[in-house]
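The values are calculated or read from the model by the stated rules, or taken from the named source; none is laboratory data. Here the structure is a predicted model, which is why all the values come from computation and not from measurement. Every residue, glycine among them, receives a Cβ derived from its backbone with ideal geometry; neighbour counts consider all protein chains shown.
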C-alpha cells in the first residue's frame, strides 16, 4: 500500500504526461473493445435475422448472393421464379408453409417487398420471435402498406399516411408510381433486422403498380388508375424468392435436392444457417485484420507508456536516490515503477470503457439508421473483461523495462549534482 500511495503522489507531480499517456491507452482500449463489440453484434444481428426457416429458394445463382438479397435485402436476383414453380413446390407433402418474396421497387432508399399474409404469420427472427405491430394491422386493401420501425422513424410516417413508391432502387427514383399511392395500414415493432428497413405490400399490389409498365418503362398511351385496377384480376406471374418451412427437419436435404434438380427451371435452395457460416468464412480475413489493427494500436499505447517512464527516469534519479537513502530497497524501487505502469494501464482501461459506452450512446442511432446494425449497450462480457485483464498484464510487463533500469540505478549516481 505505501508503494501504491507513493506511486499516485509521484504521478501527480507529472500529471500532464500521465494524463496524455492515460488518454492514449484509453483510445486504444476503446478501439479494441469497439471492434470486438461491432464484430460480435454484427454476427449476432446477421444470425438473428431469420429463424425457423428451413430453406430459402431462389433462381440459381450463388449461395451467398441468394442469402443477401432474399434475407438481408442486399443486391438483386439474377432472375425471377415463375409462380407455377413456386406453387408446385409449396404444394409438396413435406412443406408446412411458404413465404413468397418479390423485390424490385423502393421508397426513399428503403426496399419494397411484395409478399402475402403468411409473412406475418410464419416469419421468425431471433429465437423464433414473431413479428408484432406497434400500431395498425397487416394489409387488407390492395394499396395498404406495412412499414418497418426504421422506416417509420426515419420518414416520420404514421397510420393512414400516403406513400408514393419509386420505380427501381435509389433514394430518389427517376420514375414514380404517382397514380397509385399507398396508405400506411401498419407499423411493425423494432426487430433489429432488415425487416425494420423494409416496406411491405401484397403481391397483388406489385402487379397493380406495374400493370401499365413493360420492361421497366411505362407503356406510352396506357394509363390504368388506382380505381380501375381494383376491378382487375391481379395474378402474380413471378416472384424473386421464397422461404420454406418443413413439417419435419429430417426431410430438409431431400427437399433441397428436389429443388436443386427441379426440371421446370433452374432453382437453388439453401440452408440459411449454412449459407451464413459461408458468408462469415469469406469475411473472416477482414475480421482478423481489424482485430490485428486494434491489437497493434493497444501495443503502441503501451509502448508509449514505457517510453514515457523511461524518458522520465533520468529526471527522477534524485527522487530514486532519496528513496534509497531513506531505506527503500532496490526491489521496492522496481515495484514502484511496476505499480505506476499498472495504475496507468488500469486507468486507461477504465477511461477506455467509459469512452466506448459514451461513443456507443451517441453513435448507436446513427449506425442503426444508416447501416442497419443495432449495437446493444450491455455490460462488458466475460471476453471483454478477459481482454482488459490481458491489457493490464501487458502494461505491467511494459513497465518492467523502466523498472529494471531504476533497479540498477545506484545511489551515488543519483546524488551527483550535474552542472
Residue within segment 22-36 that is modelled with pLDDT under 80 and touching a helix residue (DSSP H, G or I) at 6+ places or on another chain (Cβ under 7 Å) present: no
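Quick test for you: out of 146, 201, pick the one residue that is more than 21 Å from residue 237 (Cα to Cα), touching a helix residue (DSSP H, G or I) at 6+ places or on another chain (Cβ under 9 Å), in a strand (DSSP E or B) and modelled with pLDDT of 85 or more.
After ruling out the rest, the residue left standing is 146.
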Count - residues of segment 78-97 that are touching a helix residue (DSSP H, G or I) at 6+ places or on another chain (Cβ under 8 Å) and surrounded by fewer than 21 Cβ atoms within 10 Å (Cβ to Cβ): 5
Any strands (runs of 3 or more DSSP E) falling wholly within segment 43-135 and containing at least 3 residues that are touching a residue at least 12 places away in the same chain (Cβ under 8 Å) and closer than 23 Å to residue 165 by Cβ: 95-107, 110-115
Residue among 57, 18, 50, 29 that alone is more than 28 Å from the chain's Cα centre (by Cα) and buried (at least 18 other Cβ atoms within 10 Å of the Cβ): 18
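Results for (1) free of Cβ contacts under 8 Å to residues at least 24 places away in the same chain; (2) assigned to a helix (DSSP H, G or I); (3) within 32 Å of the chain's Cα centre (by Cα), shown as yes or no for each residue.
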site	(1), (2), (3)
253	yes, yes, yes
258	no, yes, no
262	no, no, no
281	yes, yes, yes
284	yes, yes, yes
Identity of the residue in segment 364-380, loosely packed, with under 13 Cβ neighbours inside 10 Å and within 20 Å of residue 27 (Cα to Cα), that ends up modelled with the highest pLDDT: 379
Out of 290, 299, 310, sole residue that is in a helix (DSSP H, G or I), within 22 Å of residue 27 (Cα to Cα), at pLDDT 80 or above and assigned by TED's automatic domain parsing to the domain that holds residue 35: 299
